[in-house]
Amino acid sequence: MTSAVALPPTEQVRTSKAAIAASVVGVFICLLDTNIVNVALPDIQRALGGGISASQWIVSLYVLALAALIVPAGILGDLRDIRVLYGVGGAVFGLGSLACTLAASSGTHGTAMIFVGRAVQGVGAALILPLSLAMIFVFAEPAARTKLIALWSAVGGLSTAVGPLVGGLIVQHIGWTWIFLINLPVVAVLVALLLRTPAPGGRRREALPSPVSVAAFAVSTFALTLALIQGPSWGWADVRVLAMFGLTLVGTVVFVAGEAGSKRPLVPVTLRREREFRSSLLTGFVSGFAVFSLFFFLSYYLQYGAGLSPTATGLHYLPMSAMLVVFAGAGRKVGERIGQAATIGVGMLICGIGLTLLWVMLADSRPGALATIVPTVVLGIGVGLSFPATSAQAFAHTSGDDYGTAASILTMTRQLGTSVGIGVLSLIMTRSVGQHLTADAVRDGLRWIGLAGAVATTLIALVNLRAAARNASNPESESE
């Protein structure tokens, strides 16, 4: 066995309960909102008009703002008082939520208002999501961090899973505007907690990275995300999609060239040299690609293939949510015994088993909703083990002035993996479903999506298990 990867040392700090509570509240509201909106889209479309295209942009504008700004936001968190930046993120998210609520009473301008609101929400989320993780490292004692990472991961996973249920209940019994309105008191609680948080100690990043690198990185992630989101509807050979891929390539070349000779790189040299950090990014990408993107298609199957209501679809996720919460806590202890790489390897291998079960159990011509419960429960176990371990691994050797940067890069990688997964898996679903949206076609599409995910998660599991074996035989090889 190998010892657990040590979390980074820092200056003497006492855990701030207010800061940790703010961290958990922030990740909960952002991820809950991401999933709660999907359930409300049909009602929003009926109220505001605009058709399916408008519904797509309600989702896309949030994701695009998040993808483009998440890494610059994390860097700002290292340069300035993280409490202030986190509070600004909460306030911006609240303003976006208010704009979305007001869209219902904006008459013919309702669609434009909700577009603006969703983009503003994405800007706020770009500050909240990475900094919520960084807050744990800034305001918690080193000995408490693994436990708090597990808590943060469990809350994030729980909010993702219960989003459809909460959204279904709100839309069905109160009205779609309340999915945005409920964010306002939560944001108020977040700000109140930050006001009780002491000033952060320790080092801060000394200078802003090259503006060219920051701009090139933001443009590349924006263009790639837009191409992946709109590819299925615009067509992958459409000139707009090809132009976005071309812009991604140009931006990437500019970014790499700028980083190579920069004295102020966006990604610090110390992070680039750490094997654990690079490995966590690869795992985060595959998790987004194979697991988190699947939930979009699974909800699609449960409603259109199995005929469940939005509320029943949300209830379907509860067993998985329970396993995720339980095993996120257990994963902390497992990581302390066998190491983070081994824990990630085991967790991703379990995810692969769950996805394989999905492929097998949906082979029945009349599987119903029950055929997906067992696979998703297994997925909950795997994600519960691997998600917090991946976060801990990313911060294994991160210094205090790079916490925000490391958290933002990891979060962006997971988000990018999810976007790539949705784009690639959309091709699989479209090829199976074609022009006829039948229960059998949706089931077949989900089966092949599960198989693709099983292959990806099994491969990344083997990579991590090999790294764990290497670390066990040569502990000094854990970083380069």
What length, rounded to one decimal in nm, is gained on full extension from Ser309 through to Ile174, with 0.36 nm per residue of separation minus their alpha-carbon distance?
47.0 nm
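Count charges around Ile170 for me, please; just the other residues with Cβ under 13 Å from its Cβ, Lys/Arg as +1, Asp/Glu as -1.
Working: positive: none; negative: Asp33, Asp43.
Charge balance in the 13 Å sphere: -2.
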Return the distance in nm (one decimal) between the two label points of a simple spin-label model at Arg337 and Ser473, each offset 7 Å from Cα along Cα→Cβ.
2.4 nm
Enter the Cα centre distance for the pair the range 386-425 and the range 250-317, rounded to the nearest angstrom.
7 Å
Reachable lysines from Lys17, Cα under 24 Å, same-chain residues fewer than 8 places away excluded?
Lys147, Lys333
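Based on Cβ point charges of +1 for Lys and Arg and -1 for Asp and Glu, what charge dipole magnitude is obtained for the range 257-393 about its Cα centre, in debye rounded to the nearest 20? Spell out each step's value before the answer.
On the way: 10 positive and 5 negative charges, 96 e Å.
Here the size comes out at about 460 debye.
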Once normalised by the length of the range 57-178, the mean sequence separation of its alpha carbon contacts under 8 Å that are 6 or more apart gives a contact order in percent of 30 percent
Calculated FRET value between Ala260 and Ala143, using beta carbons and R₀ = 41 Å, to 0.05:
0.60
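Below 15 angstrom from the Cβ of Gly331, what's the summed charge of the other residues (Lys, Arg +1; Asp, Glu -1)?
Values: positive: Arg145, Lys147, Arg332, Lys333, Arg337; negative: Glu336.
Overall, the nearby charge balance is +4.
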Using label points projected 7 Å from each Cα along Cα→Cβ, tell me how many nm separate Val59 and Ser233, to one decimal.
0.9 nm
Taking the Cα atoms of the chain, report the difference between the largest and smallest coordinate on each principal axis, in whole Å and largest first.
57, 49, 43
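For the range 276-359, what value does the Rg/Rh ratio take when both radii are computed over Cα atoms and Rh is the Kirkwood radius, given to two decimals? Walk me through the intermediate numbers first.
Numbers: Rg = 15.0 Å, Rh = 14.5 Å.
We get a ratio of 1.03 for the range 276-359.
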Within-11-Å neighbourhood charge of Pro130 [Cβ basis; K, R +1; D, E -1]
0
Check Ser210: other-chain or 5+ apart residues with amide H under 5 Å from its amide H, H built from backbone geometry?
Arg264, Leu266
If you average the sequence gap of Cα pairs under 8 Å that are 6 or more apart and divide by the length of the chain, what percent do you get for the contact order?
24 percent
Of all trypsin sites (Lys or Arg not before Pro) in the range 251-295, which ones are in loop regions per DSSP and have a Cβ with at most 13 other Cβ atoms within 10 Å?
Lys263, Arg273
I need the calculated FRET efficiency for the pair Leu427 and Ala199, taking r as the beta carbon distance and R₀ as 51 Å, to the nearest 0.05.
0.55
Rounded to the nearest 10 Å², the accessible area of Leu64 at probe 1.4 Å
10 Å²
Quickly work out the Leu282-to-Val212 label distance, labels modelled 7 Å from Cα along the C-beta direction, and quote it in nm with one decimal.
3.1 nm
To the nearest 20 Debye, how big is the dipole of the chain about its Cα centre, given +1 on the beta carbon of each Lys and Arg and -1 on that of each Asp and Glu?
340 debye
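The values are calculated or read from the model by the stated rules, or taken from the named source; none is laboratory data. Note that the coordinates shown come from a computational prediction; the quantities given were computed from them, not determined experimentally. Glycine gets a Cβ as well: all are built from the backbone with ideal geometry, and neighbour counts include every protein chain shown. To get the accessible areas, we keep the full protein, side chains included, count just its heavy atoms, and leave off ligands, DNA and RNA. Shrake-Rupley method; radii C 1.70, N 1.55, O 1.52, S 1.80 Å.
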